[in-house]
Amino acid sequence: MTIQSFLEPITPDAIRQSAQLTLPGAEDWMQGRTLYGGASALVAYLAAIRTFPDLPPLRAAQVGFVAPVGGKIALRAEIVRQGRNVTQVRSEITAGGELALTAFWLFGAGREANAKHSAPALEPAPPPPEEFETLDHDKAPAFIANNFEIRRAQDASFYKGGATSDPVVRRWVRLKRETGLDPVAEMVLLGDTLPPGAMRAMKRPGPLSSINWSFNLLDTKPSTRDGWWLAETASEYADEGFSSERLRLWNADGRQMLAGMQSAAIFG
């Protein structure tokens with residue numbers, strides 16, 4: 001089942017009518033009881049841009065994962081405010097008649113820059129993905145094994161004292177097959193792929209769950225080499241069952257494409 005088939009029911013008419021939709025092949029994108037966060041965010045993003053196709057480029061988003069999103073959903077999208085340069089759109093996913101995901105998308109036309117500088121280079125720069133083998137997906141959620149190829153991005157010397165104890169997860173990631181998605185939609189799908197960095201600080205095994213995700217898109221026309229993107233999650237603070245996470249995404253040449261934050265629930 002291709003991702004285009006999965007997304008095909010998301011049409012402007014279905015969204016305007018709040019029709020009940022069945023997403024074909026949703027089981028390929030499930031993480032436990034819910035669609036993987038990137039897949040559910042992508043559904044909400046497409047609800048926005050398919051309802052309002054003349055929007056300027058996406059600049060930022062705020063996504064709230066409220067409840068499990070299954071294969072049977074309804075969608076809603078509305079323009080909250082449309083200015084000369086910036087348009088703000090809200091989209092929602094309901095499942096079983098209850099709100100399951102809410103997202104706020106900021107679209108903005110470019111203009112002459114009054115401030116300009118690049119994102120800092122990643123230090124130390126990781127070896128290219130060709131230097132690492134594909135990781136075994138035996139213990140990964142089904143959506144990873146079905147859709148992603150993942151490789152290490154650093155050896156053990158990257159972590160403190162030569163041990164993998166820092167609360168950082170950094171991996172090379174690419175989709176297993178061509179999706180036909182535009183590059184920005186692919187960023188939405190890929191940006192929340194890795195587990196929270198707090199998994200490296202957990203005292204015992206237990207579930208982790210994303211609660212929200214906000215990001216700024218640093219390049220409105222992202223591109224990379226051979227489909228590879230460098231993804232990172234890093235826990236900046238964790239206590240009382242929650243972790244504040246930094247999420248970043250670079251292309252294969254080391255240019256940062258996405259900068260985000262997330263709150264994650266830590267169980268166990």
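Here, each number is a calculation from the coordinates, and none is a lab measurement. Predicted, not measured: the structure shown is a model, and the values here were computed from it. Positions of Cβ are backbone-derived with ideal geometry, glycine not excepted, and every protein chain shown enters the neighbour counts.
Just want the ordering: Ile144, Ile3, from fewest to most Cβ atoms lying within 10 Å of their own Cβ.
Ascending Cβ contact count within 10 Å gives the list Ile144, Ile3.
Once the convex hull of all Cα atoms in segment 129-266 is built, its volume per residue stands at 116 Å³. A straight line joining the Cα centroids of segment 54-116 and segment 25-40 runs 19 Å.
Taking a ≥ b ≥ c as the square roots of the Cα gyration tensor eigenvalues, with a/c under 1.5 meaning rounded and otherwise prolate when a/b beats b/c, else oblate, which class fits segment 3-108? Prolate. Within the shell of other residues whose beta carbon sits under 12 angstrom from the beta carbon of Phe143, the net charge comes to -2, with Lys and Arg scored +1 and Asp and Glu -1. Normalised by the number of residues in segment 129-266, the average gap of Cα pairs under 8 Å and 6 or more apart makes the relative contact order 23 percent.
Taken one residue at a time, the phi angles of segment 101-109 give Karplus couplings (6.51, -1.76, 1.60, θ = phi - 60°) of 8, 10, 9, 10, 10, 10, 10, x, 6 Hz. Gly and Pro are set to x.
For the chain, the longest principal axis of the Cα atoms and the long axis of helix 37-51 meet at an angle of about 30 degrees. Taking every DSSP helix (H) stretch of at least 4 residues in the chain, weighting each as -39,500 (n - 2.57) and dividing the sum by the residue count yields a mean residue ellipticity at 222 nm of -4000 deg cm²/dmol. Residues in segment 16-27 carry Karplus couplings, in order, of 5, 8, 6, 5, 6, 10, 10, 8, x, x, 4, 4 Hz; the curve used is 6.51 cos²θ - 1.76 cosθ + 1.60 with θ = phi - 60°, and Gly or Pro positions show x. Geometric descriptor of segment 182-261, per residue, is 99 Å³ (volume of the convex hull of the Cα atoms). Close lysine pairs were tallied over the chain: pairs 8 or more places apart or on different chains with Cα atoms under 29 Å apart number 8. Charge tally around Ser263: other residues with Cβ under 14 Å, Lys/Arg +1 each, Asp/Glu -1 each, net -4. Under Stokes-Einstein, with the Kirkwood radius over Cα pairs as Rh, the value for the chain at 10 °C and 1.306 mPa s is 83 µm²/s. Here the peptides 77-88, 37-48 are ranked by packing, the mean other Cβ count within 10 Å, and the order with the highest first is 37-48, 77-88. Projecting the Cα positions of Leu7, Gly197, Ala119 onto the charge dipole of the chain (unit charges on Cβ atoms of Lys, Arg, Asp and Glu, taken about the Cα centre) puts Ala119 furthest along the positive direction. In segment 22-177, Cα pairs under 8 Å separated by at least six residues give a relative contact order of 21 percent. Net charge of the neighbourhood of Arg177, taken over other residues with C-beta under 14 Å away and scored Lys/Arg +1, Asp/Glu -1, is -3. Scoring 114-121, 7-14, 184-191 by mean Cβ neighbours within 10 Å over their residues and listing the highest first yields 184-191, 7-14, 114-121. For the chain, the relative contact order is 17 percent, taking Cα pairs closer than 8 Å that sit 6 or more residues apart in sequence and dividing their mean separation by the residue count.
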